[in-house]
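**Q** I have a structure here, written as structure tokens, and I will follow up with some questions on it.
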């Protein structure tokens, strides 16, 4: 392959991988702590993107304010979702299938409300209005400020989250809940409060992910739904409970979607339409061959053997 | 607004028959056997794609005029040939339709069986839902990305229903509606027989607790795979009817939205109750038609409102409300007592 193509897709792999990692960490947290396969996670990403878009259009071009607002907006939506739908249903002992169906419905409702609003105000395929500058240029590769913002932001948030999980009492409580929900409840951990905070964190991470995604490509109401598959694949690669595994998984998914796909196209002429199948193949292979994920239970939030 | 009542009624009946097939299939899989099939759209689409392939390859061959490429330069010619064959030669059309149904049943069953192989060997119960939901989207994208199948994203038209040769449009529609209802009725009877048999009781036992059933020495995985094969075959049958009713096959019709429709039918009507599935299919069919009429009326009044979005919100809200307040559906599953073997003896 020509060097410029290699560098280009390498850069894209790193950038997209960092964003996948941000989004997938939230998903892994919900899976581990709340034990809910949340399909509406996709819409949290979209909401974050649109909050960022609106604030960039009306308020400011400052990156930190935009990302902060996206964090808050998605966090609130996630919290509302939990309080209005998931918690009442979980209290009535709905089966996992029922919860899956419920999260699917919540996602649909949010997605089409966004569709209605976006349609009404003509916000399809918009870019978040932040100035784009070229910060680094060689004959082979051009790096913009977006790259130097999104990757460090994602990495910084990952570090903060892992410090919270390891060092603070909230993190300990989350891990306890992930490990054994009933035992955690018996020990007197304020489960409701921890769930509330978990949802806020999950929503916020997804929101920031969506906002950065919207700067990198364009936004439409299906943005979240189209990325959620890769995000699930990253989470599955992490064994659905492992923190490091999820981050690793996000980069694996991103590299296979971009660099590997590019190579397959170059070498075997595989059409780029099949890129959509990459995360699916990863999910199937992992679930069948190595359900514990990349890192096994080494980095798992729920250090338990099977079941 | 001028409405042709007979035509509307016939269209509603046809769609009801097709929806009933989909709902019965999901009810057998999820309601009775507890397999959460979130890939209903994929199994329906298998039937539809089969119809797309047979109408473009098998039908010309049966009519003795094979070898015309359905896409590309010869697109209009191939379409004219399809239409000619289905309207002028009833026997060829019938033979083709019958073979389509047979192939679709086989392919659907096979797909269900294969899907169960991958999906039932996973750890936590909901992984299956994830795999099927995701799988159906991927199959759709691949079908769209492989042009020889359905001419890519353009789709295929001229997939006429088996009674297009009847000159009177009303009679033609009535015959097709009758066929759809007959097939739905047959599927209903089949499902009822299955559910009331020892086989059906085993399926319910698996749904209630698969470990206990496994512990009793029952072949849990094999039964689940079989029920997915049966359910998917019925779904593929509904897909054939769906396609010929529209007269058009395109990958865009078999999205997650279709899966949502079928789930609303089952959850609304009654999980595990065949009659509930029928009721759910009826309600969803009528609601779909009403929202379509409302959308047309609103557009005529000059509203800027995209009503299709509201339909999704409405259906998702119905699902949430049912899950919250009436989980067993409008017609709950009734407990069936089977008389002891001794009492049955004279």
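**Q** Which one is nearest to the other protein chains (Cβ to nearest Cβ) among residues in the stretch A:118-136 that are assigned to a helix (DSSP H, G or I) and surrounded by fewer than 18 Cβ atoms within 10 Å (Cβ to Cβ)?
**A** Here the answer is A:119.
One line per residue, one yes/no per condition, for (1) touching a helix residue (DSSP H, G or I) at 6+ places or on another chain (Cβ under 9 Å); (2) surrounded by 12 or more Cβ atoms within 10 Å (Cβ to Cβ):
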position: B:190; (1), (2): yes, yes
position: B:203; (1), (2): yes, yes
position: B:206; (1), (2): yes, yes
position: B:213; (1), (2): yes, yes
position: B:216; (1), (2): yes, no
position: B:222; (1), (2): no, no
position: B:227; (1), (2): yes, yes
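Each row is one residue, and each column tells you yes or no for (1) under 22 Å from residue A:227 (Cα atoms); (2) at pLDDT below 90.
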site	(1), (2)
A:32	yes, yes
A:49	yes, no
A:60	no, yes
A:64	no, yes
A:76	yes, no
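**Q** Out of all the residues in the stretch A:16-45, which are farther than 16 Å from residue A:96 by Cα and surrounded by fewer than 23 Cβ atoms within 10 Å (Cβ to Cβ)?
**A** none
**Q** A further question on this structure: Answer with yes or no whether residue B:264 is buried (at least 18 other Cβ atoms within 10 Å of the Cβ) and over 16 Å from residue B:108 (Cβ atoms).
**A** Yes; evaluated as a whole, the condition is true for this residue.
**Q** Has the stretch A:230-241 got at least one residue that is over 13 Å from the mean Cα position of the chain (by Cα), surrounded by 20 or more Cβ atoms within 10 Å (Cβ to Cβ), on the phi < 0 side of the Ramachandran plot and in a helix (DSSP H, G or I)?
**A** Yes, the conditions are met somewhere in the stretch A:230-241.
**Q** How many of the residues in the stretch A:248-273 are without any contact (Cβ under 8 Å) to a residue 12 or more places away in the chain and in a helix (DSSP H, G or I)?
**A** Total satisfying the criteria: 6.
**Q** Still on this model: Please verify whether residue A:32 is closer than 25 Å to residue A:220 by Cβ, in contact with a helix residue (DSSP H, G or I) (Cβ under 9 Å, 6 or more places away or on another chain), in a helix (DSSP H, G or I) and within 14 Å of another protein chain (Cβ to nearest Cβ), treating the condition exactly as stated.
**A** So residue A:32 does not fit the description; no.
**Q** Let me ask another. Of the conditions (1) without any contact (Cβ under 8 Å) to a residue 12 or more places away in the chain; (2) within 14 Å of another protein chain (Cβ to nearest Cβ); (3) farther than 30 Å from residue B:201 by Cβ, residue B:301 fails just one. Which one is it?
**A** Result: residue B:301 fails condition (2) only.
**Q** Is there a residue in the stretch B:282-305 that is buried (at least 21 other Cβ atoms within 10 Å of the Cβ), within 17 Å of the chain's Cα centre (by Cα) and outside any loop (DSSP other than H, G, I, E, B)?
**A** Yes, because at least one residue in the stretch B:282-305 is buried (at least 21 other Cβ atoms within 10 Å of the Cβ), within 17 Å of the chain's Cα centre (by Cα) and outside any loop (DSSP other than H, G, I, E, B).
**Q** Given the options B:249, B:264, name the one that is under 20 Å from residue B:329 (Cβ atoms) and in contact (Cβ under 8 Å) with a residue 40 or more places away in the chain.
**A** Checking each option against the conditions leaves just B:264.
**Q** Let me confirm something: among B:317, B:257, which residue is within 21 Å of residue B:134 (Cα to Cα) and surrounded by fewer than 17 Cβ atoms within 10 Å (Cβ to Cβ)?
**A** Just a single option satisfies the conditions, and that option is B:257.
**Q** Restricting the stretch B:143-166 to residues that are free of Cβ contacts under 8 Å to residues at least 40 places away in the same chain and more than 14 Å from every other protein chain (Cβ to nearest Cβ), which is surrounded by the fewest Cβ atoms within 10 Å (Cβ to Cβ)?
**A** Among those that are free of Cβ contacts under 8 Å to residues at least 40 places away in the same chain and more than 14 Å from every other protein chain (Cβ to nearest Cβ), it is B:166.
**Q** Among the candidates A:143, A:157, A:161, which residue alone is more than 14 Å from chain B (Cβ to nearest Cβ) and part of a strand (DSSP E or B)?
**A** Sole residue among the options that is more than 14 Å from chain B (Cβ to nearest Cβ) and part of a strand (DSSP E or B): A:143.
**Q** Output yes when any residue across the stretch B:249-263 is within 13 Å of another protein chain (Cβ to nearest Cβ), part of a helix (DSSP H, G or I) and either over 18 Å from residue B:38 (Cα atoms) or touching a strand residue (DSSP E or B) at 6+ places or on another chain (Cβ under 9 Å) (or both), and no when none is.
**A** no
**Q** For residue A:115, are the conditions met, namely being assigned to a helix (DSSP H, G or I), within 12 Å of chain B (Cβ to nearest Cβ) and touching a helix residue (DSSP H, G or I) at 6+ places or on another chain (Cβ under 8 Å)?
**A** Spelling it out, residue A:115 is indeed assigned to a helix (DSSP H, G or I), within 12 Å of chain B (Cβ to nearest Cβ) and touching a helix residue (DSSP H, G or I) at 6+ places or on another chain (Cβ under 8 Å).
**Q** Residues A:294, A:270, A:237: which one is under 30 Å from residue A:3 (Cβ atoms), touching a helix residue (DSSP H, G or I) at 6+ places or on another chain (Cβ under 6 Å), within 14 Å of chain B (Cβ to nearest Cβ) and modelled with pLDDT under 80?
**A** Unique residue meeting the criteria: A:270.
**Q** Suppose we keep only residues that are in contact with a helix residue (DSSP H, G or I) (Cβ under 7 Å, 6 or more places away or on another chain) and under 23 Å from residue B:336 (Cα atoms) within the stretch B:274-303. Which one would you say is modelled with the lowest pLDDT?
**A** Checking each candidate, the answer is B:274.
**Q** Tell me, which residue of the stretch A:182-191 that is part of a helix (DSSP H, G or I) and out of contact with any helix residue (DSSP H, G or I) (no Cβ under 8 Å at 6 or more places or on another chain) is nearest to residue A:74 (Cα to Cα)?
**A** A:182
**Q** Of the residues in the stretch B:11-31, how many are under 14 Å from residue B:229 (Cβ atoms) and either free of Cβ contacts under 8 Å to residues at least 60 places away in the same chain or over 10 Å from the mean Cα position of the chain (by Cα) (or both)?
**A** Matching residues across the stretch B:11-31 total 2.
**Q** Among residues belonging to the stretch A:73-94 that are over 18 Å from the mean Cα position of the chain (by Cα) and surrounded by 19 or more Cβ atoms within 10 Å (Cβ to Cβ), point out the one that is farthest from residue A:46 (Cα to Cα).
**A** A:89
**Q** Quickly run through the stretch A:178-193 and pick out the residues that are buried (at least 19 other Cβ atoms within 10 Å of the Cβ) and modelled with pLDDT of 85 or more.
**A** A:184
The values are calculated or read from the model by the stated rules, or taken from the named source; none is laboratory data. Bear in mind that the values here come from a model prediction, so they are computed numbers and not experimental data. Note that we place each Cβ from the backbone using ideal geometry, even for glycine, and neighbour counts take in every protein chain shown.
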